[in-house]
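Structure first, then comments.
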Amino acid sequence: MAPKQGGSLKFSPTLCVCLVLTLLAILQSDSRVQAVGVNWGTTASHPLPPPKVVELLKSNNISKVKLFDADPVVLQALSGSNIDVTIGIPNSMLKSLNSSLKVAEAWVHDNLTRYLANGGGGVRIEYIAIGDEPFLKSYGDQFHPYVIGATTAIQTALIKAKLVDKVKVVVPCSFDVVQSESNLPSKAHFRPDLNRTMIQLLTFLSKHHSPFFININPFLSLHQNKNISLNFALFKGHAHPINDSHRIYKNVFDLSYDSFIIALSTIGFPQMDIVIGKIGWPTDGAANATSAIAETFMKDLVDHLHSKTGTPFRPKEIPLEVYIFSLLDEDKRNIATGNFERHWGIFTFDGQAKYRVDFGQGLRNAVNVQNVDYLSSKWCVVNNNKDLSNATAISLEACSSADCSSLSPGGSCSNIIWPTNISYAFNSFYQQNDQRVDSCNFSGLGLITTVDPSLESCRFSVGLRNSFSSSLHRGWWVVLIIAGLSVSLLDAGC
């Protein structure tokens with residue numbers, strides 16, 4: 001029966017309780033919606049100018065970015081962009097931060113206070129990341145003894161600057177901080193050499209309501225572990241599953257994620273919020289490192305996160321945020337782990353998409369950077385009319401400083417034959433050196449041409465024309481000088 005005009009609907013107490021519980025459930029489910037961001041690294045001989053990169057981020061609706069340092073040109077470009085930013089502090093600064101609170105105060109003043117958004121302008125800084133995988137096993141004791149001291153110093157500096165309610169301090173942890181003798185999550189624990197440090201770190205993070213940043217690397221698991229199949233790394237349902245105490249694992253991501261969660265639980269932190277600081281798939285430089293496989297991995301990863309099925313140990317729970325590694329290729333990254341390290345980008349070094357990607361609006365073609373400022377359309381190739389008996393040795397010398405990672409087994413240029421592979425090495429060196437005439441000499445074996453020597457699957461690139469690379473290579477000397485000046489000013493009461 002319809003209510004009388006001017007009357008009010010009345011609900012039974014039971015119905016009211018049901019409605020309230022339903023509303024709370026909706027709010028709770030929405031409170032943990034994960035966001036997808038990207039890592040923006042600049043370890044490149046000729047990085048794209050930061051304004052172009054910010055344009056790339058915005059045109060692809062990428063709302064979160066993680067940086068590995070606090071380059072002022074990058075932060076200025078991000079000012080007013082409404083992109084949430086995580087600023088990294090390089091491992092090389094941890095010792096000085098650990099030993100001097102004034103260095104921490106200077107760093108916060110120079111890299112946060114002057115850039116933070118106030119009333120809509122500035123940079124939206126969300127996190128400060130202390131180091132980049134400072135606990136990585138291959139580093140030994142080079143950085144990890146200073147992490148807790150540096151973390152505490154930055155937190156104290158934030159309090160003094162009245163920024164502690166705006167910015168949280170985190171520490172990105174590499175996948176190898178956790179180990180399991182049986183390779184099963186149920187037996188996972190933190191490395192014994194880190195146990196005390198991890199308890200200190202997690203106590204700090206819990207106290208300040210900061211998430212635990214972890215890096216997961218399914219490609220490296222595939223690359224280094226013969227027991228991991230490509231299908232298992234790629235979320236393929238028909239991959240052979242792993243049974244761990246009646247928990248069934250069907251992919252590397254869930255296996256790795258639960259290993260962290262169980263290690264956290266073992267030392268008393270079972271409910272830590274998790275952020276995936278790095279996860280991705282390279283596109284060149286090794287077997288299974290291709291754009292097609294990278295697209296499959298990224299699509300299935302995002303679908304897995306959006307499904308909110310969680311993992312066997314944490315059903316229906318997902319990370320707070322996920323940062324894809326990486327936005328752009330970087331031709332100066334260390335390749336000790338493998339030549340693929342220079343090819344993690346969703347985009348090539350010049351901002352051109354390699355594959356379709358889902359940044360939260362469904363799988364679609366990414367938007368490329370427009371109006372890229374290239375060097376002249378010139379390449380350096382081997383002169384076939386010369387005596388090439390020493391060409392291979394000369395090309396290896398060129399590759400010692402240039403990027404020849406695409407020539408490695410499984411790479412996009414691994415199938416080109418001699419002497420075309422010599423030309424690839426010559427051209428890489430030539431472009432990296434801004435097409436200087438003398439950089440295409442190679443004892444008289446080099447020849448400058450205006451005919452593009454690229455092959456169907458092997459691109460002979462042309463470098464970028466910009467001055468950002470030189471400022472970037474000076475960057476940390478400038479930061480250290482500025483930090484020292486700031487310490488002097490702070491001592492003077494300025």
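The values are calculated or read from the model by the stated rules, or taken from the named source; none is laboratory data. All values derive from a computational prediction rather than experimental measurement. No Cβ is skipped: glycine too gets one built from the backbone with ideal geometry, and neighbour counts run over all protein chains shown. Ligands, DNA and RNA are excluded from the accessible area calculation, which covers all protein heavy atoms including side chains. Shrake-Rupley method; radii C 1.70, N 1.55, O 1.52, S 1.80 Å.
On a 0 to 90 degree scale, rounded to 10, what angle separates helix 13-30 from the longest Cα axis of the chain? Here the helix axis deviates by roughly 20 degrees. Computed over Cα pairs, the Kirkwood radius of the range 69-138 leads via Stokes-Einstein (1.306 mPa s, 10 °C) to a diffusion coefficient of 123 µm² per second.
The calculated Kirkwood hydrodynamic radius for the range 221-366 is 16.3 Å, given to one decimal from all distinct C-alpha pairs. Exposure here means at most 15 other Cβ atoms within 10 Å; with GluC sites (Glu not before Pro) in a DSSP loop as sites, the longest stretch of the chain lacking them is 182-455.
Note the direction-averaged projected area, equal to a quarter of the hull surface, for the Cα convex hull of the range 340-455, in nm².
If you wrap the Cα atoms of the range 340-455 in a convex hull and average its projections, you get 8.6 nm².
Against the main long axis of the alpha-carbon atoms of the chain, helix 252-266 sits at an angle near 50°.
Output the direction-averaged projected area (hull surface divided by four) of the convex hull of the alpha-carbon atoms of the chain, in nm².
If you wrap the Cα atoms of the chain in a convex hull and average its projections, you get 31.6 nm².
The residue list 412, 167, 457 was ranked by how far each Cα lies along the charge dipole of the chain toward its positive end, using unit charges on Cβ atoms, and 167 comes out on top. Taking 21 Å as the straight-line reach from the Cα of residue 102, the lysines in range (excluding those fewer than 8 positions away in the same chain) are 160, 162, 166, 168.
Proximity of backbone amide H atoms, modeled 1.01 Å from N, is registered between residue 244 and 249 at under 5 Å, excluding neighbours fewer than 5 places apart on the same chain.
Near residue 169, the amide H atoms lying under 5 Å from its own belong to 128; only residues 5 or more places off or on other chains count, and H is placed 1.01 Å from N.
Modelled spin labels at residue 238 and residue 287, positioned 7 Å past Cα toward Cβ, are 2.1 nm from each other.
Among the lysines of the range 216-372, pairs that are 8 or more positions apart or on different chains and have alpha carbons within less than 18 Å of each other number 12.
In summary, the aspartates and glutamates within cross-link reach of residue 58, defined as a Cα separation below 20 angstrom excluding same-chain residues under 8 places away, comprise 71, 84, 126, 321, 329, 350, 358, 373.
Show 66, 102, 137 ordered by accessible area, largest first, where the area counts protein heavy atoms only and the probe is 1.4 Å.
Details: 66 5, 102 75, 137 125 Å².
Final ranking, largest accessible area leading: 137, 102, 66.
Each Lys and Arg adds +1 at its Cβ and each Asp and Glu adds -1 at its Cβ; summed about the Cα centre, the range 39-111 shows a dipole of about 120 debye.
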